[in-house]
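Notes follow the structure.
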């Protein structure tokens, strides 16, 4: 894999990763795209090509046509269930094993980080594998399989929805507070596969920078840069992160 590394790894970054005690990582759709998952704004295909994602991911859309929204998320859940963690996910799990404290903050809803072995994961936008009641806003583990679409809450009879954050909804407050704390107290902060435009998650990188952390930005749209407190790496996470891990810990993948 090292022969295929997307970018050369600055030696200063290798040393920063090797010496970091408190690491925080923010990931976005880019790292999951390398597992074959379309990003949220990629063109829809098949039955869904006439819909914009924004028309299927709001509370208003669910109230207007709950069956349509449920079936779209069932389609996405199937795609995500078939996807496999890629070497970028595995490399982040390896970094976690070496750090004294490690917090992985993700905007993704696919659960791939956990499947790759990451343990301390904060899901800012929820997880598509979970379900909650639209009325009570509580998680629901099981319900009657009577063919209703969407199914109904066994407690109150309300409609069930995926446990994800829709447009117009706030991030889970406690989860974001934990993410903010991780950004404030880390000495190394990664921003991987995210545009850095979606607030409030985008602000975490700036919070970490102001608190004195070394910042690493890895995506396909940045200009390469290497300085003692900011590294910008242009390349795919699935090639770059494993190479970084190898160089930091002498061969470990």
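Side notes on the structure shown:
- Conditions (1) more than 21 Å from residue 219 (Cβ to Cβ); (2) not in a helix (DSSP H, G or I): number failed by residue 85: (1)
- Residue ID - farthest from residue 21 (Cα to Cα), chosen from residues in region 207-229 that are free of Cβ contacts under 8 Å to residues at least 60 places away in the same chain and surrounded by 13 or more Cβ atoms within 10 Å (Cβ to Cβ): 222
- In region 163-184, the residues that are out of contact with any strand residue (DSSP E or B) (no Cβ under 6 Å at 6 or more places or on another chain) and outside any loop (DSSP other than H, G, I, E, B): 173, 174, 176, 177, 180, 181, 184
- Counting the residues of region 52-77 that are free of Cβ contacts under 8 Å to residues at least 24 places away in the same chain and closer than 30 Å to residue 190 by Cβ gives 1.
- Only a single item in (1) within 25 Å of residue 158 (Cβ to Cβ); (2) at pLDDT 95 or above is not met by residue 96, and it is number (1).
- Within region 227-253, the set of residues being more than 22 Å from residue 183 (Cβ to Cβ) and touching a strand residue (DSSP E or B) at 6+ places or on another chain (Cβ under 8 Å) comprises 234, 235.
- Residue count for region 48-66, restricted to those that are assigned to a helix (DSSP H, G or I), under 22 Å from the mean Cα position of the chain (by Cα) and closer than 13 Å to residue 134 by Cα: 1
- Checking each residue in region 185-209 for being in a helix (DSSP H, G or I) and in contact with a helix residue (DSSP H, G or I) (Cβ under 8 Å, 6 or more places away or on another chain) picks out 204, 205, 207, 208.
- Test for residue 196: is it over 14 Å from the mean Cα position of the chain (by Cα) and modelled with pLDDT under 95: no
- Check on residue 172, modelled with pLDDT under 95 and under 18 Å from the mean Cα position of the chain (by Cα): no
The values are calculated or read from the model by the stated rules, or taken from the named source; none is laboratory data. This one's a predicted model, so the numbers in the text were calculated from it and none came from an experiment. Neighbour counts are summed over all protein chains in view; Cβ atoms, including those assigned to glycine, are modelled from backbone coordinates with ideal geometry.
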